[in-house]
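Beneath this line is the structure, given in structure tokens, with notes to follow.
Nothing in this text is a laboratory measurement; each read-out follows from the coordinates by a stated rule. Just so you know, these numbers come straight off a predicted model, no measurement behind them. So basically every Cβ, Gly included, is an ideal-geometry build from the backbone, and we count neighbours across all protein chains shown.
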Ligand SMILES: Nc1ncnc2c1ncn2[C@@H]1O[C@H](COP(=O)(O)OP(=O)(O)OP(=O)(O)O)[C@@H](O)[C@H]1O
């Protein structure tokens, strides 16, 4: 479903990640790797957030390099430590993302209610704690009809009650819409209620499945 082709990400002169050809089939993936191995680099690049050599092609036809708008509408991303313009409210950000992703009008309601966010979603994000910001980033990553959702360290800063809610969002989205997930984490997803959990490893500056 996602084909990574002739991928190279160089920071200054350092080749952080090189992936010649790699196809990610539909599923839920736990992306593992030690600190500095390149997990965030991979996810940010596949999300179209940072430049890289090569291409990422969705469903054998939507290329990040050649159809960037269509690609970004179908590939959603939540970064590890989200930063949003201070003066915007959560609702305003949701409106912006809903328009960009062509999301149904009330799609966010289910997410805001299940993650207990309705009391503060009208407030400016400058007033949010790190966990509140994280939840907002996760809601934004579920808006629209994504074919692929990339979540960088989705578990960090979430409280214990929020974790099963997030697992349910991921499982439902996969089972109902067939959305593929790439989840980077230093914490284990094994034993959680996630269907068809598979492993991806980022090490030795490349990506491998086993
Ligand atoms: N903006 C940047 N400029 C220069 N080097 C960078 C930059 N971003 C990342 N790197 C380097 O690229 C490599 C991969 O970093 P990356 O953040 O992708 O790792 P990671 O696997 O996500 O790490 P962690 O588990 O600590 O979050 C590291 O060697 C890092 O120093």
Legend entry - Theoretical FRET efficiency, 1/(1+(r/R0)^6), r = Cβ-Cβ of residue 66 and residue 35, R0 25 Å, to 0.05: 0.15
Legend entry - Full-extension gain in nm, residue 106 to residue 23, via 0.36 nm per residue minus C-alpha separation: 26.5 nm
Inset, instruction - Please report how far the C-alpha centroid of segment 87-133 lies from that of segment 30-62, rounded to the nearest whole angstrom. - result: 26 Å
Legend entry - Pair residue 160, residue 55: separation of 7 Å Cα→Cβ label points (nm): 4.9 nm
Inset, instruction - Kindly put 181, 52, 201 in sequence by how many other C-beta atoms sit within 10 Å of each C-beta, fewest to most. - result: 201, 52, 181
Legend entry - Neighbour-count order for 101, 135, 65, fewest beta carbons within 10 angstrom listed first: 65, 101, 135
Legend entry - Bins of 5 Å from zero: percent of alpha-carbon pairs in the chain: 1, 7, 15, 20, 21, 16, 11, 6, 1, 0
Legend entry - Added length on full extension, which subtracts the Cα-Cα distance from 0.36 nm per residue, residue 199 to residue 175: 6.8 nm
Legend entry - Contour excess over end-to-end distance, with Cα ends at residue 210 and residue 119 and 0.36 nm allotted per residue: 28.4 nm
Legend entry - Fraction of beta bridges assigned by DSSP in the chain that are antiparallel (%, nearest 5): 55 percent
Legend entry - GNM top mover of 191, 90, 178 - the chain, alpha-carbon springs below 10 Å: 191
